[in-house]
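Taken together, the values in this text are just the output of simple stated rules run on the coordinates, not laboratory data. Nothing here was measured: the structure is a model prediction, and the numbers come from that model. Because the Cβ atoms are built from the backbone with ideal geometry, glycine has one as well, and the counts that use them run over all protein chains shown.
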Amino acid sequence: MPHDTNKVHVSLRHVTKTFRRAGGGQDVHALGPIDLDLKRGEFFAVVGPSGCGKSTLLEVLAGLTPVTDGTVVFEDQPIHGNVPDGVGVVFQEDACFPWMTVSDNIAFGLRQAGIPAAETARRVAAALELMGLGQFARSHPAQLSGGMRQRVCIARTLVLQPRLILLDEPFGALDQQTRLLMGEEVLRLWRETGATIFLITHALDEAAMLADRIGVMSARPGRLLEIVETGWAPDRDSTIVETPEFGQVTARLWQWLRVESMKSVGRMDRR
Amino acid sequence: MSLTRIEILGPILVSVALLAIWQCAYWLIGDIALRSPGQTVRFAGELLSRPTFWPHLVETAKAFVAALAIASLLGLTIGLLLGLGKTAGDVFEPMLIALYSIPKVTLYPILLLSFGLGLSAKIAFGALHGFIPVALFTMNAARNVRPIFLKTGRVMKLSRWDVVRKIVFPAALPEIFTGLRVGFSLTMIGTVLGEMFASQRGLGYLLMNAIGLHHVDVIMAVTLMLVLFAAVISFALLAIDRHLHKRF
């Protein structure tokens with residue numbers, strides 16, 4: 001599916017998030033102000049030091065957390081603390097429902113949305129095939145490895161055919177080899193679906209391999225310091241890590257992140 | 001649901017050991033206070049063949065089933081309400097634990113005055129014993145549902161009722177089932193105790209009557225029936241409980 005990367009798909013204007021502490025404690029300014037445009041069909045990654053508000057930014061985009069100030073617009077509609085239609089989220093934590101089979105997990109959102117049974121079955125079968133889970137359709141998540149469970153979660157999101165996919169460190173709990181392979185899977189799915197992808201990650205190499213553009217966030221309160229364009233072709237895969245350009249991209253990301261990470265670690269030391 | 005060899009052999013070996021201890025105790029103590037396992041089984045068979053015995057068994061069964069149903073429904077409802085509502089949970093949890101701690105028999109006179117000397121009082125007493133563990137286990141299970149499941153529910157646009165029905169309840173089911181298992185045992189204790197203290201029918205009444213008349217055969221046979229019933233059901237419930245926990 002061709003990527004139309006000229007139109008703005010999601011727009012954030014002066015987005016700020018402050019968490020109010022209960023009992024009169026000091027408020028925590030977690031995020032912003034952030035201004036960002038995500039283009040339709042692009043793969044955008046965000047990297048930043050621990051605790052910089054990356055996940056908060058994703059939750060704001062998903063409509064799971066309301067902003068304190070500013071606006072988030074998705075397909076010309078403002079997001080107000082509710083998950084809009086056409087947005088799918090894959091979390092870092094294992095979110096497979098252990099009481100359901102793999103098939104039922106993948107079909108969950110479709111059944112909830114009232115999609116007819118025949119169409120649900122067709123989409124689930126296609127997703128099982130696409131994610132290489134066909135022979136595990138009747139298994140329960142406890143019988144699968146961490147990587148396979150994460151594939152189930154991705155499949156559960158994909159069957160809903162979201163136009164914006166938010167990935168919150170989806171491979172954070174996986175080993176390096178599995179992460180590289182899962183990265184290739186995500187690139188393939190991105191090319192096939194044409195969806196806009198917004199990926200949060202702490203791994204610079206992951207961001208550098210997958211994304212068209214990478215936003216570098218500052219230590220808390222998280223702001224966008226720089227947006228690095230990778231310039232990769234859409235049909236890239238994990239072999240890109242062997243190229244000198246890949247090293248240049250990760251080096252540039254680290255230049256920006258080094259100071260911010262030290263600030264973040266220093267803050268942790270003072271606690 | 002496949003049981004391991006130790007899960008099958010273990011209870012059998014324990015049962016054999018208990019029977020051996022029982023037989024030895026009978027040889028030591030004698031007919032004055034005990035009957036041997038063989039004599040007890042024979043008398044239990046004889047008791048079951050008497051038409052006068054069945055109304056007692058039916059009475060206890062009716063009281064127990066009704067008490068268990070009430071304990072389960074009440075415990076589940078209260079547990080879910082307290083588990084999902086933080087304020088309600090904070091307010092009522094200490095009261096529930098206090099009620100759990102006190103000997104329920106102290107409340108029996110009030111129940112007798114409220115329900116009269118009949119089936120209703122026994123049901124109420126059984127349910128009073130059983131609903132608290134069901135409520136406490138359900139409350140904790142609902143509170144401990146992984147937040148990521150609830151977040152997934154929000155992403156999938158589930159209504160509050162659907163979150164309870166499709167996420168909280170199934171996620172909490174293994175713990176709830178443990179509560180039901182404990183509730184089963186306590187409901188049975190409550191029902192038989194109720195019959196022992198004030199009743200005109202039922203296995204508990206038979207036991208108390210037999211104690212008064214020093215009918216060792218009846219005491220031993222009725223106790224054996226109660227123990228066998230509780231053991232078989234508990235074993236089955238435990239197997240289901242373990243099976244449910246395996247997936248989580």
Handout entry: Calculated FRET value between residue B:41 and residue B:117, using beta carbons and R₀ = 35 Å, to 0.05
Key = 0.60
Problem - Cα gyration tensor shape for region A:94-171, rounded if a/c is under 1.5, else prolate or oblate - result: oblate
Exercise for the section: Enter the mean number of other protein chain beta carbons within 10 Å of the beta carbon of each residue in A:89-102, as an integer. Expected result: 4
Completion exercise
Taking chain A and counting helices only, DSSP H stretches of n ≥ 4 at -39,500 (n - 2.57) each over all residues, the nearest-500 ellipticity at 222 nm comes to -12000 deg cm²/dmol
Exercise for the section: Multiply the residue gap between residue B:58 and residue B:159 by 0.36 nm, knock off their C-alpha separation, and tell me the result in nm, one decimal place. Expected result: 31.9 nm
Problem - Cβ-placed point charges (K, R +1; D, E -1), dipole of region B:53-246 about Cα centre in debye, nearest 20 - result: 960 debye
Problem - Dipole in debye (nearest 20) - region A:1-135, about Cα centre, beta carbon charges: Lys, Arg +1; Asp, Glu -1 - result: 140 debye
Exercise for the section: Take every Cα pair under 8 Å in chain A that's 6+ residues apart, average their separations, divide by the length, and report that relative contact order as a whole percent. Expected result: 25 percent
Handout entry: Label-point separation in nm, residue A:8 to residue B:14, each point 7 Å along Cα→Cβ
Key = 6.9 nm
Fill in the blank from the handout: Checking rank on A:208-221, B:84-97, A:173-186, with mean other Cβ inside 10 Å and highest first, the result is A:208-221, A:173-186, B:84-97
Problem - For region B:53-246: rounded, prolate or oblate by the Cα gyration tensor [a/c cutoff 1.5] - result: prolate
Practice task
Report the label-to-label distance for residue B:4 and residue B:77 in nanometres (one decimal), using points 7 Å from each Cα along the Cα→Cβ vector.
Solution key: 4.1 nm
Fill in the blank from the handout: Count of lysine pairs, chain B, Cα-Cα under 30 Å, sep. 8 or more residues or interchain, comes to 13
Practice task
Multiply the residue gap between residue B:148 and residue B:95 by 0.36 nm, knock off their C-alpha separation, and tell me the result in nm, one decimal place.
Solution key: 16.0 nm
Fill in the blank from the handout: Of the candidates A:71, B:61, B:33, the farthest towards the positive dipole end of the protein assembly as shown (Lys/Arg Cβ +1, Asp/Glu Cβ -1, centred on the Cα centre) is B:33
Fill in the blank from the handout: To the nearest 20 debye, the protein assembly as shown has a Cα-centred charge dipole, built from +1 on Lys and Arg Cβ and -1 on Asp and Glu Cβ, of 1020 debye
Practice task
Apply the membrane-span-like helix rule to chain B: whole DSSP H runs, Cα extent along the own long axis of at least 30 Å, mean Kyte-Doolittle hydropathy at least 1.0. List the helices found.
Solution key: B:5-29, B:54-84, B:119-143, B:169-197, B:216-246
Practice task
Under 1.5 on a/c is rounded, so check that first for region B:174-233, then, if it is not, pick prolate when a/b is larger than b/c and oblate when it is not; a ≥ b ≥ c are the square roots of the alpha carbon gyration tensor eigenvalues.
Solution key: oblate
Practice task
Would you work out which of A:28, A:57, A:12 lies farthest towards the positive end of the dipole of region A:1-80, given +1 charges on the beta-carbon of Lys and Arg and -1 on that of Asp and Glu, about the Cα centre?
Solution key: A:28
Problem - Cβ-based charge dipole, chain B, positive-most Cα from B:234, B:205, B:171 - result: B:171
Exercise for the section: Work out the FRET efficiency for residue A:77 and residue A:126 from their Cβ-Cβ distance, taking R0 = 35 Å, and round it to the nearest 0.05. Expected result: 0.80
Practice task
Counting other Cβ atoms within 10 Å, keep those with at most 11, restrict to DSSP loop, and tell me which chymotrypsin sites (Phe, Trp or Tyr not before Pro) in region B:133-188 are left.
Solution key: none
Fill in the blank from the handout: Counting sequence-distant residues (5 or more places) and residues on other chains, those with an amide H built under 5 Å from that of residue A:222 are A:31, A:32
Practice task
Would you please put A:63-71, A:129-137 in order of how densely packed they are, using the mean number of other Cβ atoms within 10 angstrom per residue and starting with the highest?
Solution key: A:63-71, A:129-137
Problem - Order by protection proxy (mean Cβ within 10 Å, highest first), peptides B:205-218, B:116-129 - result: B:116-129, B:205-218
Fill in the blank from the handout: Quick calc, residue B:106 & residue B:213: beta-carbon distance into FRET formula, R0 25 Å, rounding 0.05, result 0.35
